[in-house]
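Novice: Below: one structure in structure tokens.
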């Protein structure tokens, strides 16, 4: 009886965690779509001016030189054994259709040591006609192979689309109980 109750509690906790992960994934996807929409609106020629003349541009000599924008870094973080989830938008700006997969580089520690961590993508293959976009969701199972609290830098890329590189930081979070034990041990040493 007690075993059945414990199993039921574990199942409900698992279902709750799964529901939470799905909700976060959906929220992340919607957020990325909203950002992509804003980015499209900011690109020159992306919106219809309704026949109005474009705003006058400042002379080239007065225009400040701006650095090339760096893509934002995606941070994927979870405890060992858990799945870290993220999403990004891929757009085909080529004049031809593409069909490819997202690839991940090895993830390197600050000292240069690298590990290869498999990723799962949804959709598993990116198939886009010219001008089309898709939101790609990625999932990475964080393993004990990663040191807790250390940033592992890598990137995701879409080989068929030049310039499509997404910087990624993969991080293993210390378990909540582990941090509490360390804090308690630190207080005892004083």
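Novice: Please pick out the residue among 173, 182 that is over 30 Å from residue 92 (Cβ atoms) and at pLDDT below 90.
Specialist: 182
Novice: Failed condition for residue 109, given (1) farther than 18 Å from residue 157 by Cα; (2) within 17 Å of the chain's Cα centre (by Cα), with all others met?
Specialist: Condition not satisfied by residue 109: (2).
Novice: Another question, if that's okay. For a quick check of your reading of the model, give me the residue pairs whose first member lies in segment 119-136 and is touching a residue at least 60 places away in the same chain (Cβ under 8 Å) and on the phi < 0 side of the Ramachandran plot, whose second is assigned to a loop (DSSP other than H, G, I, E, B) and surrounded by 13 or more Cβ atoms within 10 Å (Cβ to Cβ), with beta-carbon atoms closer than 8 Å and at least 6 apart or on different chains.
Specialist: 133/92
Novice: Within the group 115, 142, which residue is touching a residue at least 60 places away in the same chain (Cβ under 8 Å) and either closer than 24 Å to residue 174 by Cα or under 14 Å from the mean Cα position of the chain (by Cα) (or both)?
Specialist: On the way: 115 fails: touching a residue at least 60 places away in the same chain (Cβ under 8 Å).
Answer to the selection: 142.
The values are calculated or read from the model by the stated rules, or taken from the named source; none is laboratory data. Bear in mind that the values here come from a model prediction, so they are computed numbers and not experimental data. With ideal geometry, Cβ positions are generated from the backbone for all residues, glycine too; neighbour counts draw on all protein chains shown.
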